Amino acid sequence: MYEWHKQIQLIVDEIDESIRQHHDESLTLKFLSRKLGYSEFHTTRKFKEISGMQYREYLRLRRLAFALKEVRDSEKSFLDIAFDYGFSSHEAFTRAFKNSYGVTPSEYRKKPRPVVLRTKITPFDRYFLGFGEIGMMKTENDVKIYFVTIPAHKFLHIKNYESNGYWDFWQKQSMIPGQDCDTICGLLDSIKGKLDDEGGTESNSGSGQIMAYMNDPDGRLCDWGIPRTECYGVRLPADYKGDVPPQMLLIDVPEAEYIAFEHGPFDYEQENRSVEEKIEKAMADFDFTDTGYCFDTTPGRVLYFYHNPERFWKYIRPVKKQS
């Protein structure tokens, strides 16, 4: 099963790249099965077993997700968008769009609102699957530490008072109707103007979606001895006036100073755990002497956590002037 998780991840990555490049011939089950060296029947069965959905349905929903962003962000005709993403006609595209999102492409272009997109699945995760880390721990300290002022913005999010870590967070959220990972990530993915959006389409990896921790007397006591509530959401401009999904919260975050602990790009499969330990140690050992600052544990302050192996692992923690 371990090897098949890796194989399905290859298919998922190939699907997204082929959709971006409009290489329809690379999206056939026949092509992908041959690339893996298995029969179409075996590949289909394993894809459903691991992803929870049929290959064709996943492909259809991913194409629609890419198409929706074209409708939202471009001035291309709906017919051109339909052909670009594998639909046979304007009517077929409109029908599929409305069935999935509840509005027609023309209605959505006039007034975009949060809708649930089919985000990219990530079936291969060594830590979620319990395989741990490969390779030796690095001994050098690669964590960059710096202070930064972050302008006022809004934070659209959900939160969980009882969770402890990313996977536990989503396991607990999956028990709440309308707050499971697919639904929340799909809604956030559809929102335009996210401050941290690098153009990606998968959760917590370049699409502006981030984990965060809010100082909260009613939250769990974290490893740093601070009661906190875990959150997941997106940072938005201070003047954001778009719709807020009913299961989410939107708060104003004033301009403030923070300290960043940042590790550069790393090999996710081999270094994830060691990088985490490096950053945790850097935060625990940091000496504020002569800086004039200290960590700010005031209720309501937000700590942001960025995890994108291709760019960085970064904690941005609130600070305040020492009295």
Whose amide H sits under 5 Å from the amide H of Asp296, counting only residues 5 or more places off or on another chain, with H placed in the peptide plane?
Val319, Lys320
Highest GNM mean-square fluctuation, the chain, Cα pairs closer than 10 Å: which of Arg56, Arg113, Arg228?
Arg56
Do you know the relative contact order of the chain, to the nearest whole percent, from alpha carbon pairs under 8 angstrom that are 6+ apart?
17
Give me the compactness ratio for the stretch 2-110, meaning the Cα radius of gyration over 2.2 N^0.38 Å.
1.15
Return a whole-number percent for the relative contact order of the stretch 236-322, with Cα pairs under 8 Å and 6 or more residues apart as the contact set.
38
Please give the contour-minus-distance gain from Met175 to Ala92: 0.36 nm per residue of separation, less the Cα-Cα distance, rounded to one decimal in nm.
26.4 nm
Quick check of the Kirkwood formula: for the chain, what is the inverse mean of 1/r over all pairs of different Cα atoms, in Å?
21.5
Beyond a 32 Å Cα-Cα separation, which of these cross-linked pairs lie in this structure: Lys30/Lys159; Lys154/Lys321; Lys6/Lys110; Lys46/Lys110?
Lys30/Lys159; Lys6/Lys110; Lys46/Lys110
Can you tell me the orientation of helix 55-73 relative to the chain, as the angle in degrees between its alpha-carbon axis and the longest Cα principal axis, to the nearest 10?
70
Cβ charges +1 (Lys, Arg) and -1 (Asp, Glu), total dipole of the chain, debye:
1100
For the stretch 143-321, take the alpha-carbon Rg, divide it by the Kirkwood Rh, and send me Rg/Rh.
0.94
Projecting each Cα onto the charge dipole of the chain (Lys/Arg +1, Asp/Glu -1 at the beta carbon, about the Cα centre), which of Gln247, Ile176, Phe87 comes out farthest on the positive side?
Phe87
Between the alpha-carbon centers of the stretch 149-202 and the stretch 259-302, tell me the distance in whole angstrom.
21
Cross-link candidates for Lys192: which aspartates and glutamates have Cα within less than 17 Å, leaving aside residues fewer than 8 places away along the same chain?
Glu70, Asp73, Glu75, Glu107, Glu202, Asp239, Asp243
Here the relative contact order (percent) of the stretch 143-321, from C-alpha pairs under 8 Å and at least 6 apart, is 30
What dipole magnitude, in Debye to the nearest 20, does the stretch 143-321 give about its Cα centre under +1 on Lys/Arg Cβ and -1 on Asp/Glu Cβ?
460
So the angle from the long Cα axis of helix 268-285 to the longest Cα principal axis of the chain, reported in degrees to the nearest 10, equals 20
Anchor Lys278: aspartates and glutamates whose Cα lies under 17 Å away (excluding residues fewer than 8 positions away in-chain):
Glu133, Glu140, Asp142, Asp223, Glu262, Asp267, Glu269, Asp287
Within the chain, longest stretch free of exposed GluC sites (Glu not before Pro) [DSSP loop, at most 12 other beta carbons within 10 Å]:
1-74
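The numbers here are math on the coordinates, done by the rules we state, and not lab data. In this text, all values refer to a predicted model and were calculated from it rather than measured experimentally. In this analysis, Cβ positions are derived from the backbone assuming ideal geometry, glycine residues included, and neighbour counts consider all displayed protein chains.
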